[in-house]
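Where a number appears in this text, it was derived from the coordinates with a stated rule and is not lab data. None of the values given here were measured: they were computed from a predicted structure. Every residue, glycine among them, receives a Cβ derived from its backbone with ideal geometry; neighbour counts consider all protein chains shown.
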Amino acid sequence: MGEILFLAHRMPFPPNRGDKIRSHHVLRHLAELAPVHVATFADDDADLAAEGELSALAASHCLVRRDKSLVRAGIEALVKGKPVSLTAFHHPALAADVRRVLAERPIDTIYAFSGQMGQYIPDSFTGRVLFDFVDVDSAKFEAYATSGSFPRSWIDAREGRLLGAEEARLARLSQASLLVSNEEAALFRARLSPQDRATCDVRALRNGIDSRFFDRALVRPAPAMLDCGGPRMILTGQMDYAPNIAAAERAIERILPLVREQFPDASFHVVGRSAPDTLLASHGQGGAYVWGGVDDIREWLAAADLALVPLELARGVQNKVLEAMAMAMPVVLTPGAATGIGGIDARHYAVAESDIALAERAIALLGDHDHCWAMGLEARRFVVDGMSWQATLAPLAAMLGLAESTTRHAA
């Protein structure tokens, strides 16, 4: 085969948040199959600092600092009749580099990661397009619209409608549209027109986990967390993401007090970058602790007795759940947070919907050390045996028309 152009809305290094973890492992896998040219955006200085790692992996790369404000992107979107998600990620320098690579290199496949990057695929490209939507962004904005108030609800409804049209266009353009789970693929397919459903190839490409890295035996529990009351529950993730914020607030305000009726010293720990002031104000109050970003999330997972993931709006496969399971930790979670993982309730994790039911599942596990430990071991065994990145990404070779044994072509 020829070479691959990889388009990603965020720099795949360092792999420190859900979308970047997936793009990081996909990029590494593709680089084992053929030379890969990367065009992507840097959000901050940490992304720019990792450019050397990207350079070492890619045959060539273009890394552009994304500095367009949301207000400017919104105005541009209104004027052009486009989704804000697209105008926010439009940059002339990146578009110029894509044109250059397509003109100078034998690119026969474009792998586009996230719907924002479809705008960089020229109509004239005649090669293979694999589009990794990850999850259905349009459905996410529609859900935001139903729960928000005007004018935010109008903005989100508009975004959902326009993104839905863009997702359908990209599905028609692509040889395969990839979603993170069978459930997300079914949702994407259901939102297409009957004609598009009949002609577009929509598939699941699941997330994996590096269980050799996420291993409790490799780290010591975080001392700061051990100093807090126990039993200890934890929620990890990017804390400027609205569903994560809502889950943390739900746990602190509604679930933790129920658990503390049974375990007065119980504590709940929010660990992740960019927590808003509303969450930070909860630190040290009523058994809640908000730690912000940390150097090694494994140390904090190792210090917890249980992961509590009460997501009300969950799209795709939750890396936070896979990481906790790999660390041999019992997880209490909502049905949405369990979607796409494929485990068995009461064996690999504990599923509940309401605040009371989530608290009851957590109390039952925290009060039975043997059951708690056994569920954690079953969880780790489940992800080790069937959810390695190598296993979940194996179908990519066939999508590229290659045998699985194909190794990287020297660039």
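Compactness check for the range 216-386: Cα Rg over 2.2 N^0.38 Å is 0.92.
Listing 216, 128 from the residue with the fewest other Cβ atoms within 10 Å to the one with the most, what is the order? Let's see the in-between values first.
Numbers: 216 16, 128 19.
In order of increasing Cβ crowding within 10 Å: 216, 128.
One Cα centroid belongs to the range 109-187, the other to the range 63-93; the line between them spans 16 Å. With angles folded into 0 to 90 degrees, how steeply does helix 92-104 sit against the dominant principal axis of the chain? Use alpha carbons for both and round to 10. The helix 92-104 is inclined about 60 degrees to the chain. When the helices of the chain are scored as -39500 (n - 2.57) per DSSP H run of n ≥ 4 and the total is divided over every residue, the value at 222 nm lands at -12500 deg cm²/dmol.
Where q = 0.13, 0.21, 0.22, 0.25 Å⁻¹, what log10 of I(q)/I(0) comes from the Debye formula for the range 39-91, counting one point per Cα? Log10 I(q)/I(0), no solvent term: -0.40, -0.75, -0.78, -0.88.
When the chain is fully extended, how far beyond the present Cα-Cα distance does residue 391 get from residue 262, taking 0.36 nm per residue of separation?
Details: separation 129, 0.36 × 129 = 46.44 nm, distance 4.16 nm.
Working it through step by step, the gained length comes to 42.3 nm.
Determine, for 236, 146, the number of other Cβ atoms within 10 Å of each Cβ, and report the residues in order from fewest to most. Walk me through the intermediate numbers first.
Values: 236 24, 146 10.
So the ranking, lowest neighbour count to highest, is 146, 236.
Between residue 72 and residue 274, full extension at 0.36 nm per residue minus the direct alpha carbon distance yields a gain of 70.5 nm.
The value for the range 232-295 of Rg(Cα) / (2.2 N^0.38 Å) is 1.02.
Which GluC sites (Glu not before Pro) does the range 264-334 hold that lie in a coil by DSSP with at most 16 other beta carbons within 10 Å? Let's see the in-between values first.
Working: sites: 299, 312, 323; in loops: 312.
Here the sparse-neighbourhood loop sites are 312.
Over the chain, the fraction of Cα-Cα pairs per 20 Å bin, rounded to whole percents and listed from the shortest bin up, is 26, 57, 17, 0.
Against the chain, whose longest principal axis is taken from its Cα atoms, helix 369-386 shows a tilt of about 10°.
Give me the one-decimal nm value for the distance between modelled label points at residue 254 and residue 146, 7 Å along each residue's Cα-to-Cβ direction. Result: 1.6 nm between the two label points. For 345, 67, the sequence from fewest to most other C-beta atoms within 10 Å is 67, 345.
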